[in-house]
Amino acid sequence: MDQKAPRDTGITSESEQYNARLGLRLFLVYCLCYGGFMGLSAFKVTALRDVVWRGVPLSLWYGFGLIAGALVLAVIYMVLCRPESASEKGTS
Amino acid sequence: MIYERSALAIAVFLGLLGIVLGISFRLGAKAKSASGFFAAHGEIPWFVNGIAFAGDYLSAASFLGICGLVAFYGYDGFLYSIGYLAGWIVALFVVAEPLKRMGKYTFADALDSRFHSKGIKLAAAISTLIVSLFYLIPQMVGAGNLILPLLGLPYEAGVVLVGAVVIAIVVTAGMVSTTWVQFIKGGMLVVFCGILTVMILNRGISTIPPDGQTPFAMASEEELSANGDLEKLPAEGNWAERPYVRFRDKQSGLVKIWRKADDKGNLTETQYSTVSKDGKKLVGGIPQGRGEGMADFRPVGHVTHLAGDVDKTGPLGPLQFFQTLQESEVLLWSKDPKTVTDDSGEFTMYYQRRERGADLMMPGGSSSFAGVRKEALLGKLNFLSLMLALFAGTASLPHILIRYYTVKDSAAARKSTVVGIAAIGLFYVLTLYLGFGAMVSGSLDPTSDNMPAPLLARSFGQLPFAIVSAIAFTTVLGTVSGLILAASGAVAHDLMTNFLGMEMNDADMVRAGKVSAVLVGILAIVLGICFKGFNVAFLVGWAFSIAASANLPSLVMLLFWKPTNKQGIIASILVGLGSSLLWVLLSNEALDNLFKLKAGHMQFVPFSQPAIVTLPLGFLVLIVVSLLTQKPEAQASKS
């Protein structure tokens, strides 16, 4: 019974637990960045108009940063994730 | 505006359509089993699946809607891009792997893997169907908009054509052909948007209107009143309370309408259409058309002042482009939401707005997001609600979720998501260039904020226009295929097989899936026609809100909160779905534009985007119901 319950939630092995924890940590990092953007836009929108670098305003840099940041975190996750099954170990 | 038919555009479109249908018929043999039809046997290579993610996700809303919003309102369109892309973080880090492990064909499989409950199957299937339909609506609206400049056919013909072609794609080869169509479309979309961006940067920005265009006028009321050829019309009836001044040309009898720009008597030229009492459509008082004695709207989108007081910049670098726009002044156009009715008919007004580039580079330019520039809290909540929906909605969209079943394992799911994020992220950066490029191209149709991308391409020539229009059409095909497949899976697999317990072999299930696809396709056509005139990006915002509210609480809590039980999941799906759907249908936008209620009707919900209320409500309901319905043994083991 003890063995079945974890499988039902989708997480069985140590690798799966490690991957899930890693995913949640990276998710929280991104949430903070995204939340910062939402907060600035909603409550201090004029700050986004400020030109911060190379003649381009903060709004664009922050937006590009959120897009590029998502990709960087996704690549980190892919690299750090552990193989979860025999087939993955074979392919990775 | 009336668009000229382009033979080249039709040829490219038909060529691409032929390729897409050819792939479908060729791959038909691979979709004879349920596993092949709904999940492509789980054999799609991860890279192909990743680009297909992009093809699936980059819908008409992304391409037409976001470009349109940027072109008309600036940065606000990019807010959608940021939210859509951020949503993939939820999909990758939270949902992708468990979903792949727990499911088989549909989202309901994963939710129900622990409980084997008919109630969960039914609730998840209903949610999949409703979310898919709401996401289908903007795609069909996009198709209707595209058919006009491409083939010169009416809006309704575009909707019917897309519906018919997609039904053919899905029915012939299910997920296999859908995946390859999405792969081709996703790849082409990113590549051609890149090419178009290079062309925009190479052309630079100019204050000189394109060939044959005359600048829009500004004048003072005093100056026009003193002109002996003009007669000022009295501000009677509905005109009395509106910011317009009308002057009739004594020779031609035509009326020109000006909008008051300030309190000092300065006026700006408007463009207007009239629907006369006998149903005829006039533009500027003349029958709308391209022939002799007819008139049409003039294209808009010009820079009135460039940084450094120059007329033209020459080629610009990627950052220089934004830097130049930031320091310039742009002439944009808006539609007055209130029409004016008098004895000659109903007038719809389009007026000029002079905007500083710096203001266009910050949120709050459009009516949807204007609240962030005001003090009132409700406007800010509406913005936060939409951004929350976009963030949480991606990981809850059924047609995205089922794509995790088309690869062989969790590692492939992971890799394909990363490829998808790379392709989608690049595309969203490019949409910003396309939108701002269209804004200053002098080619915009003031009556449609869904058309700037194709019209921008046309400003570079017929071939780019032909290719972009054909790709945009394929964009709609790819996304609609995925949605119809998700909906047909919900009907055949979740409802008929799992909920109703109908005994079906593999072939029966595929047949049921195909019949469902036809029915959902027909429904999508009808809804597409009903929602004519809505901005597609705005409609997608609603679909994301409903998806997030209905699906995300149960998905997340199932994975991360042990006391979650079947009653909690069912209640959460139904309450999240029902509350968000009701909110959307009672919003001012729906009452005004869908149900056509007259101005001054009662306001039922404080703002239009529901997620900030209905998403937490879904979580709360799940927690409360799960705790209230715990079995005694579960409570005992807990204590």
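The values are calculated or read from the model by the stated rules, or taken from the named source; none is laboratory data. Keep in mind that what you see is a predicted model, and the values were worked out from it rather than measured. Neighbour counts are summed over all protein chains in view; Cβ atoms, including those assigned to glycine, are modelled from backbone coordinates with ideal geometry. To get the accessible areas, we keep the full protein, side chains included, count just its heavy atoms, and leave off ligands, DNA and RNA. Shrake-Rupley method; radii C 1.70, N 1.55, O 1.52, S 1.80 Å.
A few notes on this one:
- Taking residues in segment B:504-516 that are farther than 18 Å from B:Ala487 by Cβ, and partners anywhere that are open to solvent by less than 10 Å² (accessible area, probe 1.4 Å), the pairs with Cβ atoms closer than 6 Å and at least 6 places apart or on different chains are B:Asp506/B:Ala34.
- Some residue of segment B:484-497 being within 21 Å of B:Trp180 (Cβ to Cβ), in a helix (DSSP H, G or I), of a type outside the set (S, T, N, Q) and open to solvent by 10 Å² or more (accessible area, probe 1.4 Å): no
- Test: residue in segment B:348-364 that is outside any loop (DSSP other than H, G, I, E, B), within 30 Å of B:Leu577 (Cβ to Cβ) and within 22 Å of the chain's Cα centre (by Cα): no
- Test: residue in segment B:380-395 that is without any contact (Cβ under 8 Å) to a residue 40 or more places away in the chain, at the interface with chain A (Cβ under 7 Å from one of its Cβ atoms), open to solvent by 10 Å² or more (accessible area, probe 1.4 Å) and assigned to a helix (DSSP H, G or I): yes
- In the set (1) out of contact with any Gly (no Cβ under 8 Å at 6 or more places or on another chain); (2) assigned to a helix (DSSP H, G or I); (3) at pLDDT 80 or above, the condition left unmet by B:Gly144 is number (1).
- Where B:Leu153 falls short, out of the listed (1) farther than 23 Å from B:Ala547 by Cβ; (2) assigned to a helix (DSSP H, G or I); (3) among the aliphatic types (A, V, I, L, M); (4) open to solvent by 10 Å² or more (accessible area, probe 1.4 Å): (2)
- Considering residues of segment B:89-102 that are at pLDDT below 80 and in contact with a Ser or Thr (Cβ under 7 Å, 6 or more places away or on another chain) only, the residue nearest to B:Thr394 (Cα to Cα): B:Ala96
- All of (1) among the polar types (S, T, N, Q); (2) within 19 Å of the chain's Cα centre (by Cα); (3) under 27 Å from B:Ser334 (Cβ atoms); (4) buried (at least 24 other Cβ atoms within 10 Å of the Cβ) hold for B:Thr474 with one exception: (3).
- Segment B:250-278, residues that are of a type outside the set (Val, Ile, Thr), in a loop (DSSP other than H, G, I, E, B) and in contact with a strand residue (DSSP E or B) (Cβ under 9 Å, 6 or more places away or on another chain): B:Lys250, B:Leu254, B:Ala261, B:Lys264, B:Gly265, B:Ser276, B:Lys277, B:Asp278
- Residue check, B:Met349 within 14 Å of another protein chain (Cβ to nearest Cβ) and either open to solvent by less than 10 Å² (accessible area, probe 1.4 Å) or of a type in the set (S, T, N, Q) (or both): no
- Criterion (over 25 Å from the mean Cα position of the chain (by Cα), more than 23 Å from B:Ser24 (Cα to Cα) and more than 10 Å from chain A (Cβ to nearest Cβ)) met by exactly one of B:Leu122, B:Leu151: B:Leu122
- Some residue of segment B:314-330 being hydroxyl-bearing (Ser, Thr, Tyr) and out of contact with any strand residue (DSSP E or B) (no Cβ under 7 Å at 6 or more places or on another chain): yes
- In this structure, A:Val29 does not satisfy being more than 7 Å from chain B (Cβ to nearest Cβ), open to solvent by 30 Å² or more (accessible area, probe 1.4 Å) and not in a helix (DSSP H, G or I).
- Some residue of segment B:257-277 being open to solvent by 70 Å² or more (accessible area, probe 1.4 Å), over 19 Å from B:Ala219 (Cβ atoms) and over 35 Å from the mean Cα position of the chain (by Cα): no
- Within segment B:191-239, tally of residues that are part of a helix (DSSP H, G or I) and open to solvent by 90 Å² or more (accessible area, probe 1.4 Å): 4
- Residues that are surrounded by fewer than 21 Cβ atoms within 10 Å (Cβ to Cβ) and at the interface with chain A (Cβ under 8 Å from one of its Cβ atoms) within segment B:369-379 comprise just one, B:Arg373.
- Residue tally, condition outside any helix (DSSP H, G or I), closer than 22 Å to B:Leu426 by Cα and hydrophobic (A, V, I, L, M, F, W, C), over segment A:44-66: 2
- Within segment B:518-543, the set of residues being in a helix (DSSP H, G or I) and within 17 Å of B:Leu64 (Cα to Cα) comprises B:Gly528, B:Val536, B:Ala537, B:Phe538, B:Leu539, B:Val540, B:Gly541, B:Trp542, B:Ala543.
- Selection status of B:Met140, within 19 Å of B:His493 (Cβ to Cβ), buried (at least 24 other Cβ atoms within 10 Å of the Cβ) and more than 14 Å from chain A (Cβ to nearest Cβ): no
- Looking across segment B:534-568 at every residue that is among the β-branched types (Val, Ile, Thr) and within 11 Å of chain A (Cβ to nearest Cβ), the one that is least open to solvent (accessible area, probe 1.4 Å) is identified as B:Thr564.
- Residues satisfying the stated conditions in segment B:284-322, i.e. assigned to a loop (DSSP other than H, G, I, E, B), modelled with pLDDT of 85 or more and surrounded by fewer than 15 Cβ atoms within 10 Å (Cβ to Cβ): B:Met294, B:Val310, B:Asp311, B:Gly314, B:Pro315, B:Gly317
- Hits in segment B:499-533 - residues which are open to solvent by less than 40 Å² (accessible area, probe 1.4 Å) and under 23 Å from the mean Cα position of the chain (by Cα): B:Ala517, B:Val520, B:Gly521, B:Ala524, B:Ile525, B:Gly528, B:Phe531
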